[in-house]
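What follows is one structure encoded as structure tokens, with my remarks underneath.
The values are calculated or read from the model by the stated rules, or taken from the named source; none is laboratory data. Small disclaimer: the values here were computed from a predicted structure and weren't measured. Here the Cβ positions follow ideal geometry from the backbone for every residue, glycine too, while neighbour counts run over all protein chains shown.
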Amino acid sequence: MSKQELILSGKASFYLEVPYRLYRTASEGKQPLYVYLHETGENLAELEKKTAPLMVLPGHHLLIQAPYPDVLPEGEDRTYYWIPNYKDEQTITAAREYVSEFLQEVIDGLLPHIEASRLVLVGWEGSRNQVSYFCATRPHYINEMILFGGSVNRSWMEQDSSRYKHLRMLGLSGKDAEISEETAKTIQRWIQGDSKSANQG
């Protein structure tokens with residue numbers, strides 16, 4: 001019987017092709033860049049429909065599909081997730097960092113081609129952990145965070161609170177989380193700094 005000998009063990013990276021779309025709703029000058037992370041279990045087409053009322057906001061709108069597909073079904077009905085269905089916290093955190101590196105790469109690739117005055121990260125209940133992790137690990141990147149129907153996961157933000165003093169957060173729940181033209185007006189007032197017109201988190 002031949003002897004089994006392990007001669008090499010390691011880890012290799014893999015890449016997934018992930019679609020995104022960038023829209024411009026302002027004709028000139030520096031404007032906010034809104035980056036939308038859809039609910040877990042949705043896709044880019046659903047995100048486009050959901051965010052349609054927000055396209056009245058002057059600026060650039062980046063819609064990104066989550067990278068990990070559901071096994072079934074295929075085609076336009078397939079849904080996507082921000083992290084695979086892992087159980088242990090260490091692997092989950094590693095997956096969040098991997099996705100955050102991907103998001104940063106997409107944004108970095110677009111910034112030279114647009115005039116962005118600030119970066120606004122937008123998410124929902126199902127993507128709040130990914131949104132919160134990205135903001136916690138890259139606070140210099142983000143100016144504002146908006147969450148529909150969810151609250152910020154602050155567990156990653158407790159070590160050095162001074163890093164996040166510039167970061168403004170807006171949580172929209174109940175009727176406020178139902179995206180409409182009125183929602184867009186609320187966000188616009190908040191972005192412009194009118195704290196009386198929105199419930200700043």
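Side notes on the structure shown:
- Restricting attention to segment 54-91, the residues that are assigned to a helix (DSSP H, G or I) and either surrounded by fewer than 16 Cβ atoms within 10 Å (Cβ to Cβ) or of a type in the set (Ser, Thr, Tyr) (or both) add up to 8.
- Test result for residue 96, farther than 30 Å from residue 27 by Cα, under 13 Å from the mean Cα position of the chain (by Cα) and without any contact (Cβ under 8 Å) to a residue 40 or more places away in the chain: yes
- Looking only at segment 173-201, residues that are under 19 Å from the mean Cα position of the chain (by Cα), modelled with pLDDT of 80 or more and surrounded by fewer than 15 Cβ atoms within 10 Å (Cβ to Cβ) come to 2 in all.
- Residue that is modelled with the lowest pLDDT, among those in segment 156-172 that are in contact with a helix residue (DSSP H, G or I) (Cβ under 8 Å, 6 or more places away or on another chain) and part of a helix (DSSP H, G or I): 156
- Residue among 101, 125 that is at pLDDT below 90 and of a type in the set (D, E, K, R): 125
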